[in-house]
Amino acid sequence: MSFELSPLPYAYDALEPYIDEKTMTIHHDKHHLAYVNNLNAAIEKAPEISSWSLIDLMVKINQVPEGVRTAVRNHGGGTLNHDFFWNAMAPANSTQLSEKLAAKINSDFGSMDNFKAEFEKAAMGRFGSGWAWLVADKSGKLSVVSTANQDNPLSEGFSPLLCIDVWEHAYYLKYQNLRAEYVKQWWNVVNWDFVSKNLG
């Protein structure tokens, strides 16, 4: 299969003032598109995996032919992570935490404040480029993990519910080196409906 760039689920300026229109345009139309194109180029060299979905590629990354495995991990992860990231955000004040999700967060983290603190710690503690994630393990227990580069928690057996991109291209035009401020402001655009849906 040939992968395509998924359109943003909202306008480029929909997350203003927390994430600016120019960043969203470059991030989606340049960075995300490059991952899609490079993934397709890698898949062309391994026709035996051409029918696999993005999720298949990440879940079964160790079964991807060795010659293209790194490219598929990087560019497949980049494609899937960004698809997920766009949907994990929504215009400010347009979604709200469900009672089920709130109860689960309180149960597994002690409180919403504890969860946010742990998530922000993971986002800030990721050296260089990567992601912070809210994930569920096979038993359904929630935890926070961080992945490097374009790695995805699916490859480690986790189900992702929420993520933040902490590559510099996700925030540098507006926040420069102030990653902590970006992470703090990002909570304003979290799509809680999407997170609740992922919880099931």
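Quick note: the coordinates plus some simple rules give every number you see, no bench work behind them. All figures in this text were calculated on a predicted structure; none of them were measured in a lab. Here the Cβ is made from the backbone with ideal geometry for all residues, glycine too, and neighbour counts use every protein chain on show.
Residues D83, D137, arranged from fewest to most other Cβ atoms within 10 angstrom of their Cβ, appear as D137, D83. Once amide H atoms are placed 1.01 Å from N in the peptide plane, what residues at a sequence separation of 5 or more from M89, or on another chain, have their amide H within under 5 Å of its amide H? Close amide H contacts, sequence-distant or interchain: N191. Computed from label points 7 Å out along Cα-Cβ, the spacing between K138 and S50 is 3.4 nm. Of all aspartates and glutamates in the structure, the ones whose alpha carbon falls short of 20 Å from that of K174, not counting any fewer than 8 places away in one chain, are D13, E16, D20, E21, D29, E120, D165. With the helix formula -39500 (n - 2.57) applied to DSSP H stretches of n ≥ 4, the chain reaches a computed 222 nm mean residue ellipticity of -12000 deg cm²/dmol. Once you divide the Cα radius of gyration of segment 87-200 by 2.2 N^0.38 Å, the number left is 1.02.
Using the Cβ atoms and a cut-off under 11 Å, what net charge is assigned to the surroundings of S196, where Lys and Arg are +1 and Asp and Glu are -1? Please report the intermediate quantities before stating the final value.
Working: positive: K100, K104, K197; negative: E99, D193.
Net local charge, S196 excluded: +1.
Note the listed values [x] 56; [y] 59; [z] 63, then indicate which one is percent of Cα pairs over 20 Å apart calculated from this particular structure. Here the calculated entry is [x]. Loop-located GluC sites (Glu not before Pro) in segment 1-95 (DSSP state other than H, G, I, E, B) with a sparse environment of at most 15 neighbouring Cβ atoms within 10 Å: E4.
What is the packing order of peptides 163-172, 125-134, taking the mean over residues of other C-beta atoms within 10 Å and listing the highest first? Before the final figure, lay out each step's value.
Details: 163-172: 20.6, 125-134: 18.5.
Put in order of decreasing packing, that is 163-172, 125-134.
Compute the Kirkwood hydrodynamic radius of segment 150-200, taking the inverse of the mean of 1/r over all pairs of distinct Cα atoms, and give it in Å to one decimal.
12.6 Å
Between A180 and E156, the contour length at 0.36 nm per residue exceeds the Cα-Cα span by 6.0 nm.
Restricted to Cα atoms, segment 53-96 shows a radius of gyration and a Dmax of 14.1, 46 angstrom. The largest-to-smallest principal axis extents of the Cα set in segment 1-73 are 44, 20, 19 Å.
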